[in-house]
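Note sheet for the following structure.
The values are calculated or read from the model by the stated rules, or taken from the named source; none is laboratory data. It should be emphasised that the depicted structure is a prediction, and the values quoted were computed from it without experimental measurement. FYI the Cβ positions are ideal-geometry reconstructions off the backbone, even for glycines, and counts take in every protein chain you see. Side chains are part of the model used for accessible areas, which takes the heavy atoms of the whole protein and leaves out ligands, DNA and RNA. Shrake-Rupley method; radii C 1.70, N 1.55, O 1.52, S 1.80 Å.
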Amino acid sequence: RIQTLLYDSRHNLWIGSTDGLFVLRAGASTPEPYPPLAGKRIWQLAEQAPDTFWVATSDGLYQLQDQATPHGSWFQAGDLAGAEIRAVTVTGQQLLIGRRSGINLLDLSSRRLRQCALISNANMLQSNGPDRWLVGSIDGLYQLTFNAGGCSEQTLLPAVDIRQLYRDKWQNT
């Protein structure tokens, strides 16, 4: 079963499934498996930059460097090692990580990891402006706001299982 799709900046389609990660390269007709993540449930992917991806898996957070031959490593900070990571998104130098037990924020420049919210089972994370994110979870829709003092959360839509968020390109002019 396919869990997530990511069309990257190089026009490759990354396919996260309940049985691992696959990539359909631009111009190819058959997806290639990514063996290091074979058998792992892939919940979500985020592109940090061309050639750098973060992969939320059933067994932790994986950083993938996609060059001619993709390689990667498990992110081993705090209690993320081996934890179920359900959602991940990158905004600038910040990585927001949705775990079964809460939300973490990773500063990519310093590799500093901090707990920021106790929203459990996040299914989707999406930037909602500077230092703000929307969190779709099994318990509803939330907005997180970050400032020097930490993180605050606001419930936008309670008691609804949010599986996907989509922002269209329409702008109010």
Pick from ALA38, ALA49, ALA28: which is most flexible by mean-square fluctuation in a GNM of the chain where alpha carbon atoms under 10 Å apart are linked? ALA28
Where in the chain is the longest stretch that carries no chymotrypsin sites (Phe, Trp or Tyr not before Pro) classed as loop by DSSP and with at most 11 other Cβ atoms within 10 Å? 1-165
What's the magnitude of the charge dipole for the chain around its Cα centre, counting Lys and Arg as +1 and Asp and Glu as -1 at the beta-carbon? Answer in Debye, nearest 20. 60 debye
Just read off the accessible area of LEU13 with the full protein assembly in place, 1.4 Å probe, to the nearest 10 Å². 50 Å²
Between segment 118-173 and segment 35-76, the Cα center-to-center distance that results, in Å: 23 Å
Accessible area of ASP139 in the full protein assembly, 1.4 Å probe (Å², nearest 10): 70 Å²
Could you look at segment 5-54 and say what percent of its accessible area is carbon and sulfur, using a 1.4 Å probe and all protein chains? 56 percent
What is the spin-label model distance, in nm, from ASN147 to ASP131 if the labels are put 7 Å beyond Cα along the C-beta direction? 0.7 nm
Using the basic label-point model (7 angstrom from Cα toward the beta carbon), what is the ASP107 to ASP51 distance in nanometres? 2.6 nm
Loop-resident trypsin sites (Lys or Arg not before Pro) in segment 81-123 with no more than 13 other Cβ atoms inside 10 Å, DSSP not H/G/I/E/B, are ARG100, ARG111
Would you work out the relative contact order for segment 1-91, in percent, from Cα pairs under 8 angstrom that are 6 or more residues apart? 21 percent
Can you give me the accessible area per residue for the chain, using a 1.4 Å probe, in Å²? 52 Å²
Could you put ASP8, ASP131 in order of accessible surface area, largest first, with the 1.4 Å probe and the full protein assembly present? ASP131, ASP8
Give me the tail of P(r) for the chain as a percent: Cα-Cα pairs with distance above 22 Å. 43 percent
Residue-span extension gain [TYR7 to GLN63] - 0.36 nm each, minus C-alpha spacing: 18.5 nm
Ignoring ligands, DNA and RNA, how do GLU32, GLU84 rank by accessible area with a 1.4 Å probe, largest first? GLU32, GLU84
